[in-house]
Amino acid sequence: MSTENTETMELTETIKEKIDTWVAKFPVGKQRSAIIGSLHAVQEHNQGYLTPELMDAVADYLDLPCIYVYEVATFYSMFQTEPVGYNEIAICTNISCMLSGSDEIVHHVEDRLNIKLGETTKDGKIFLKKEEECLAACTGAPMMMVNHQYIENLNIEKVNEILDKLGQQK
Amino acid sequence: MMHENSICFSNINQPESWKIENYMASGGYLQWKKILQGQPGDKARQKIVEIIKTSGLRGRGGAGFPTGLKWSFMPKTTEQKYLVCNSDESEPGTCHDREILKLNPHAVIEGMAIAGFAMDATVGYNYVRGEFIKDCYPIVEFALQEAYTHNLLGKNILGSGVNFDLYNFLGAGAYICGEETGLLESLEGKQGKPRFKPPFPAKFGVYGMPTTVNNTQTLASVPKIIEQGTEWYKSMGTDKSPGTNIFSVTGHVNKPGNYELPLGIPFADLLERAGGMLDNKKLKAVIPGGLSTKVLPGDVIADCTMDYESLASAGSALGTGAVVVIAEGTCMVELLKRSSRFYYVENCGQCTPCREGTGWLYRLLQKITQGKGQESDLTLLVDVANRIEGNTICAFGDAAAWPVQSFIEHYYSEFEYMINNHGKSIAA
C-alpha cells in the first residue's frame, strides 16, 4: 500500500531476498513480525538511514499498511529517519562506562570531529549517535560501537586511531 | 573448593567454544539426545519440569521467578505454543548474556530445545538485542545453522517424532523490549510497549498463543542441571538461591569481568575476585543488580552475601547480577542524573506517571546540578518517584523510581550540599 499519488519504489532483489528470509521465520499471515528485520536490511543498503519511500516500499512488499512500518521506524533507536553520516559511532555513556571515563571520550570525539552528539560531520563521513542505552559490554568499559562493531577498553589513543582510519576513508 | 564457571561458562576456556563439535566434545547435546531417544511423551515432559522445579533455578533476567513453576503454567492443550529466549540484554551494567551468546551459544540452543519439549512448545524464538547485529548475532546464527545441520532441531528430530523449530530474531534498540510483554509486542513487529497482565504470556503470549519467555542465562543453565542433577546444582548457592549466577562486576574495580560463581558468595569475596578496588580507593556504594536496583552504601553491602534473600533484606535486589562498584570520590548526584536521563529517554510513553514523571525527575536533577536547586526539590524528587512506583503497566516505572528514592535516602547530604553551594559537588 503506497502513499497516495506517488509511485512505490521497487526494492532490489537482494533486499527482497533478505526480507523473504525474515518472513519465513514467522507463521503465515504474521509477516508484520518481519518489519524490524526488513528495516535493518533496507537501512544497511541505504547508507544507514531510512526514507519515507523506502518505508513505503517495505510496507508494500510485506502487504501491510505503511503506518505499521512508520511506527516501528520511529520507535526503535537503531533506525534513522533522517540522513546521517555513512559511518556510525555510538559511545556508551551509561553507568559502568560513565564510572570508567566515558564522558572524557565523548568530549574528545566531539572536539575532534567538531560536532555534538546526534550530529554528522560536514563531509558526511561520521554520524555521532546520541546513545542512551547501555550497550552491554560493561566489563570492557569505556566502550563504543563503530558501525556496530564493539570496541572496548577505550582510551584517547585508541579513539584517535579509529577516527584517523575513518577519516582516511573515501 | 569454590565452584567457578560450572554452568553456562563451563566450556568457555576451550578454543572455539562456540563451535558445535567442541560443545559436543564436552558432553553438549547429550541430554537433548537422551530425551529424544527415550520415550519423549507427556511423562518425560513432566519429569523435566519437575527436575527444574526441584533444582530451584530462578529466572536470571532480574525478577528471580522460579523457572520450573513458570514452565508449569503452560497449558496442556494441543494448540501452538511458543518458547521465547530473552537475549535483549540491556539492563545497565549487565553484559553476561552477550558473553554466553558469543562463547556458548549451543548451551542456549540445547536449553531452548529441552525447555520447548518440556512445555510442548514446538516453535522457539531467540530475541537477540539489535545492537548485537554485527557482534554476537552472527555467532548465534552460525550456531543455529550448525544445530540444524546436525539434525538437532526441526521436524521429527532424530526420528523421535519431536518437533522443535528455532529462529533468531533481532531487535532494533529499545530498553523496554527486555520487559517480557514488550518483547512479545516487538516480536510481533510492533512498538515494544508492554501489555497489561493478566493475561500472562502463558495464556496469551506471542500471536495470542501460550508462550513462555525465559532469559538467556536461565535457558543456558538447563542442560547442565539435567546432566549433573539437582542435588549437585543445589549443593551450590543457598537454600532459597540455589546454584550459580554470573556476576558482571564493573565500575571502580581492578578486574572488571563476568564471574560465574555460586550464589551466596560474600560480597567481599566477589570484590576480591574482581581484583579489589581500583587505585585502592575506599568503597563508597554498590548497585548490586543492575541500574534498576536500589543503591547500597559500602558498609551495608560489605555485610551482604550475593543472593536473593540477603540483598532483599538489605533493601535492594540481586536483579541481573550486575554489580556496579562505586568508589569514594564519585558524585552521587551526577550518577543519579545519568540514571534518570536513561529512564527518561527509554520509557515507552504508554503510562502517564512514567512518561511525565521520568521527565520531571531528570529536569529536577539537571536543575540541581546547574546550581539552581532548592531544598524543596529533594522532597519533590521523592514525591514524583513515589507517584511513579507501582502505578504503571510494567516494572519500568519502579525501576525509574528506585534509584531516585535510594540515592536520596543514602546520600541526602550530597544533594543538600550541591543545592546550598550553587551546584558544586561535595565529591569534587
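Things to note:
- For the protein assembly as shown, adding -39500 (n - 2.57) for each run of n ≥ 4 DSSP H residues and dividing by the number of residues yields -12500 deg cm²/dmol at 222 nm.
- Size estimate for region A:1-120 follows the Kirkwood approach: the inverse of mean 1/r over distinct Cα pairs works out to 16.1 Å.
- Global geometry of region A:48-170, whether rounded, prolate or oblate, following the gyration tensor of its Cα atoms and the 1.5 cut on a/c: prolate
- For the protein assembly as shown, share of DSSP beta bridges that run antiparallel, in % to the nearest 5: 50 percent
- Considering only chain B, percent of DSSP beta bridges that pair antiparallel, nearest 5: 45 percent
- Convex hull of Cα atoms in region B:85-180, direction-averaged projection (nm²): 6.0 nm²
- Of all DSSP-defined beta bridges confined to chain A, some 65% are antiparallel rather than parallel.
- The residues of region B:37-121 expose on average 35 square angstrom of accessible surface per residue, using a 1.4 Å probe on protein heavy atoms.
- Whole-number accessible area per residue in Å² for region A:13-75, which is evaluated in the context of all protein chains at 1.4 Å: 43 Å²
- In this structure the amide hydrogen of B:VAL123, modeled in the peptide plane, comes within under 5 Å of the amide hydrogens of B:LYS81, B:LEU83, B:ASP165, none closer than 5 places in sequence on its chain.
- Counting, for every residue in B:33-45, the Cβ atoms of other protein chains within 10 Å of its Cβ and taking the mean gives 0.
- Distant-in-sequence amide contacts of B:LYS203, defined by a placed amide H-H separation under 5 Å and a gap of 5 or more residues or a different chain, comprise B:THR211.
- Angle between chain B longest axis and helix B:137-149 axis [Cα atoms, degrees, rounded to 10]: 10 degrees
- Contact order for chain B, expressed relative to its length and based on alpha carbon pairs under 8 Å spaced 6+ residues apart, stands at 16 percent.
- When the surface is traced with a 1.4 Å probe over the full set of protein chains, B:HIS3 keeps roughly 60 Å² accessible.
- Accessible-area composition of the protein assembly as shown, carbon plus sulfur, in percent [1.4 Å probe]: 51 percent
- When the accessible areas of A alone and B alone are added and the area of the pair subtracted, with a 1.4 Å probe, the result is around 4200 Å², both sides summed.
- At most 11 other Cβ within 10 Å, DSSP loop - trypsin sites (Lys or Arg not before Pro), region B:88-164: B:LYS155
- List of region A:72-100 residues, accessible area with partners at least 50 Å² below that of the chain alone (1.4 Å probe): A:PHE75, A:TYR76, A:MET78, A:ILE95, A:MET98, A:LEU99
- Among the GluC sites (Glu not before Pro) within region B:1-75, those in coil by DSSP and having at most 14 neighbouring Cβ atoms inside 10 Å are B:GLU4, B:GLU16.
- Overall form of the protein assembly as shown per C-alpha gyration tensor (a/c, 1.5; a/b vs b/c): oblate
- Rounded to the nearest 10 degrees, the inclination of helix A:13-23 to the longest alpha-carbon principal axis of chain A is 90 degrees.
- Where trypsin sites (Lys or Arg not before Pro) fall in DSSP loop in region B:306-393, at most 13 other Cβ within 10 Å: B:LYS372
- Local electrostatic count at B:ASN11 - Lys and Arg +1, Asp and Glu -1, tallied over other residues with Cβ under 14 Å: -4
- Comparing each chain alone with all protein chains together (probe 1.4 Å, DNA, RNA and ligands left out), the residues of region B:323-338 losing at least 40 Å² of accessible area are B:LEU335, B:ARG338.
- Chain A, relative contact order [Cα under 8 Å, separation at least 6], %: 18 percent
- ³J(HN,Hα), Karplus 6.51/-1.76/1.60, whole Hz, each residue of region A:124-134, x for Gly, Pro: x, 7, 10, 9, 9, 5, 7, 8, 9, 7, 6
- Relative contact order of region A:13-75, taken over Cα pairs closer than 8 Å and 6 or more residues apart, is 27 percent.
- Under a 5 Å amide H cut-off, with hydrogens placed 1.01 Å from N, B:LEU170 pairs with B:VAL128 among residues at least 5 apart or on other chains.
- With Cα atoms, 0 to 90° folded angle of helix A:66-75 axis to chain A main axis: 10 degrees
- Gyration tensor verdict on region B:308-408 (Cα atoms; rounded if a/c is under 1.5, prolate if a/b is larger than b/c, oblate otherwise): oblate
- Region B:340-354 - phi-based ³J(HN,Hα) in whole Hz, Karplus 6.51/-1.76/1.60, Gly and Pro as x: 5, 4, 4, 5, 5, 6, 8, 5, 7, x, 7, 9, 4, x, 7
The values are calculated or read from the model by the stated rules, or taken from the named source; none is laboratory data. The shown structure was predicted, so the numbers you read here are calculated from the model rather than taken from an experiment. Cβ coordinates were reconstructed from backbone atoms using ideal geometry, including for glycine residues, and neighbour counts include every protein chain displayed. For accessibility, only protein heavy atoms count, side chains too; no ligands or nucleic acids. Shrake-Rupley method; radii C 1.70, N 1.55, O 1.52, S 1.80 Å.
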